[in-house]
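Worksheet: the structure to be examined is printed underneath.
Quick note: the coordinates plus some simple rules give every number you see, no bench work behind them. The structure displayed is predicted, hence computed values, not measured ones. Positions of Cβ are generated from backbone atoms using ideal geometry, with glycine treated the same way; all protein chains shown enter the neighbour counts.
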Amino acid sequence: MIYTKETLLALEPAGPHGVPTSPVPIPADRTMPVIRSTPS
Amino acid sequence: MTSPYQSSNTPADPRHSSRLGLAQRFYLLEVLSGLKLTGLRFFANMARHTLHTVFRVKSAHGAVTIQYPDERRPYSPRLRSLHRLVRRDDGSPRCVACMMCETVCPAHCIYIVATEHPNPEIEKVPERFDIDLGKCVFCGYCVEACPEDAIRMDTGILEFSSFSRGG
């Protein structure tokens, strides 16, 4: 679960009461699943 | 020698079963009083929830529980959450790649590769600044050690899962 410099630079400080203002970042090493269609 | 945590269930003990009355032996009154308390709480909470949901009485709290994650408790301003790198006015990172955070990190989860900054007044800038959150223990030593106040843990992001793979 590695966060790179670009990801960390894009984050913003939390708002009032500690509510996060940035979306949860996606780690650089998280791979997207490859959806393969099954041959019919 | 008896343990102080061991109950003395002897006839001399007033809690001994031979000294209890008939109703107390059946525990009927105690069971009914417990059911009374549970029922009172149940109907009070249901009435409050009905006022809040059906009759839209905003002063009546709908539930005593917090509807996480739609509703959250207010976090302390001292809470250490996900790190962020602070930018300069020109948008470049404030970090000067001094390696203080990487050195002080007890979990060895920070990896920095330094390079030259185009501005001659700034010696270095990180070419890579990676944090492995799988190793981080959120001790905050990196924030304390940074001489440039370039890294902070004030994003408020605590959950590193998301509702979709796109974030």
Checklist entry - When the Cα centres of the range B:76-92 and the range A:7-23 are compared, how far apart do they sit, in Å? => result 8
Checklist outcome for this item: In debye to the nearest 20, the charge dipole size for the range B:41-110, taken about the Cα centre with +1 at each Lys and Arg Cβ and -1 at each Asp and Glu Cβ, equals 360
Checklist entry - If the cut-off is 12 Å between C-alpha atoms, which aspartates and glutamates fall inside it for A:K5, apart from same-chain ones fewer than 8 positions away? => result B:E127, B:D130, B:D132
Checklist entry - To the nearest 0.05, how large is the calculated FRET efficiency for B:N45 and B:Y75 if R₀ is 25 Å and r is the Cβ-Cβ distance? => result 0.40
Item to check | Degrees between helix B:28-53 axis and first principal axis of chain B (Cα, 0 to 90, nearest 10) | outcome: 50
Checklist entry - Computed from the mean reciprocal separation of all distinct C-alpha pairs, what Kirkwood hydrodynamic radius does the range B:92-156 have, in Å? => result 12.3
Checklist entry - What is the magnitude of the charge dipole of the protein assembly as shown about its Cα centre, with +1 placed on the Cβ of each Lys and Arg, -1 on the Cβ of each Asp and Glu, and no other charges, expressed in debye to the nearest 20? => result 1520
Checklist entry - Once the convex hull of the C-alpha atoms of the range B:36-162 is built, how many Å³ does it hold per residue, rounded to a whole number? => result 179
Item to check | Equivalent ellipsoid dimensions for the protein assembly as shown as semi-axes, Å, which come from the Cα gyration tensor, largest first | outcome: 56, 27, 20
Item to check | the range B:123-132 - phi-based ³J(HN,Hα) in whole Hz, Karplus 6.51/-1.76/1.60, Gly and Pro as x | outcome: 6, 9, 8, x, 7, 10, 9, 10, 10, 8
Item to check | Under 5 Å, built H, 5+ apart or other chain: amide partners of B:I151 | outcome: B:V86
Checklist outcome for this item: Inter-chain shielding metric for B:152-161, i.e. average beta-carbon neighbours from other chains within 10 angstrom, reads 5
Checklist entry - Across peptide B:87-99, how many C-beta atoms of other chains are within 10 Å of each residue C-beta, on average? => result 1
Next on the checklist: How big is the dipole moment of chain B about its Cα centre under a simple scheme where the beta carbon of each Lys and Arg is +1, that of each Asp and Glu is -1, and everything else is neutral? Debye, nearest 20, please.
Outcome noted: 1460
Checklist outcome for this item: Expected integer from the mean partner chain Cβ neighbour count at 10 Å over B:73-85 is 4
